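Below is one structure, written out as structure tokens, with a few remarks after it.
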Amino acid sequence: MTAHKTPVTVVGLGPMGHALAAAFVNAGHPTTVWNRTAAKADGLLAQGAVLAASAAEAAAASPLVIVCVLDYDASDAILLPIAGTLKGRTLVNLTADTPARSRTAAAWAAEHGIDYVDGAIMSPTFTIGTPSAVLLYSGSEETYLAHAETLAALGGSHTHLGTDPGRAAGFDLALLNIFWTSMSGLAHAFAMAEAEGIDAADFAPFAQGIIGLLPESVTEMAGLLARREFPAEISSIASNVTTMDHIIHAAESRGMDPGPLGAVRPVAQGVIDAGHGACHIARLTLHYLNTRP
């Protein structure tokens, strides 16, 4: 059943790397794995994967090499010494890091005759191999398309975002910015509620209602930014800072850190001072862009 399937190597067997390797095995691809701690491969070996004795041996086993480790310092430590083995093969780097690191890695790969695609995994480990998985890619479209059928074993949706190798990482960090900023705000909101004697279970349904406003806000902000016009039809930055001040003062009155809004409030004031207080809050985006060094 595996004779017609492209062999795949997976380097790095943390939770995500393990999930990637398992998906390839389950889809019938001959799968070679390698990890600094070999014991992490035990479950995969029972499913039919093959453990390589070294990273070089792992790379030599397949035309398609997937790497998924902690960051690009970790991937560089593994990949740079085996550039000769990787030559002529395709390397898909699903390690999370910055767009700049992705572009540097792509340039290194090109110098060494390695076909390179950068990628980002936008869903948890348990989605890999299922219809819920979400993966983004950037870099050579030709290289991506040559292996798209094999990568489909990871399940879900696969989107090639363009030839800039850093584009997938750019999407990744911007999207995770939404998630982690929201999660930190949510944690602060639960703290504020508890400080006022509000039980988390009582608070949660109303928090869900507030979160339900976000999808429409995303669409609205995208449209405003596309037009570079920021009319505030309902509430302006100037009116919103009043609420921000109430939240900050209430938190501080309970001896709490002001949380994420403590960082946002001076940004909003900068926009107001620049004469844009009557604008929609999407106007803050241009302030962030204009304050880049």
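Observations, loosely collected:
- Paramagnetic label reach from D257 (point 7 Å along Cα→Cβ; backbone nitrogen cut-off under 20 Å): within region 180-214, residues 180-196.
- Stretchable slack from D164 to T98, in nm (0.36 nm times residue separation minus alpha-carbon distance): 22.5 nm
- 5 angstrom amide H check on S123, placed H, neighbours 5+ away: V134
- Put simply, the amide H of V50, placed in the peptide plane, has neighbours under 5 Å in T31, T32, V33, leaving out anything fewer than 5 places away on its chain.
- Listed peptides 73-84, 57-68, 196-207, 29-40 by packing density, highest first (mean Cβ within 10 Å): 57-68, 29-40, 73-84, 196-207
- At an R0 of 35 angstrom, the distance between the Cβ atoms of A187 and W108 translates into a FRET efficiency of 0.35.
- Counting only alpha carbon atoms, the long axis of helix 167-195 and the longest principal axis of the chain meet at about 50°.
- A Stokes-Einstein calculation at 25 °C with viscosity 0.890 mPa s, built on the Kirkwood radius of the chain over Cα pairs, returns a diffusion coefficient of 112 µm²/s.
- Cα gyration tensor category, rounded, prolate or oblate, for region 171-290 with a/c compared to 1.5: prolate
- Evaluated at q = 0.10 Å⁻¹: base-10 log I(q)/I(0), Debye formula over Cα of region 83-238: -0.54
- The HN-Hα couplings worked out from phi for region 35-47 by the Karplus form 6.51 cos²θ - 1.76 cosθ + 1.60 (θ = phi - 60°) are 8, 4, 9, 4, 4, 5, 8, 3, x, 5, 5, 5, 8 Hz, whole numbers, x standing for Gly and Pro.
- In order along region 225-235, the phi-based Karplus estimate (6.51 cos²θ - 1.76 cosθ + 1.60, θ = phi - 60°) of 3J(HN,Hα) comes to 5, 5, 8, 6, 10, 10, x, 9, 6, 10, 9 Hz; Gly and Pro are listed as x.
- Considering only G209, L261, H188, the residue lying farthest towards the positive end of the dipole of region 171-290 is L261, judged by Cα position with unit charges set on Cβ.
- Acute angle (nearest 10 degrees) that the helix 99-111 long axis makes with the longest principal axis of the chain, alpha-carbon atoms: 20
- Between D245 and A56, the FRET efficiency estimated from the beta carbon spacing at R0 = 45 angstrom works out to 0.15.
- With each label modelled as a point 7 angstrom along the Cα→C-beta vector, the H4-A77 pair spans 4.2 nm.
- Length released on extending from F126 to A174, taking residue separation times 0.36 nm less the Cα-Cα span: 15.0 nm
Every number in this text was worked out from the coordinates using simple rules, so none of it is lab data. Predicted model only: the values in this text are computed from it and were never measured. With ideal geometry, Cβ positions are generated from the backbone for all residues, glycine too; neighbour counts draw on all protein chains shown.
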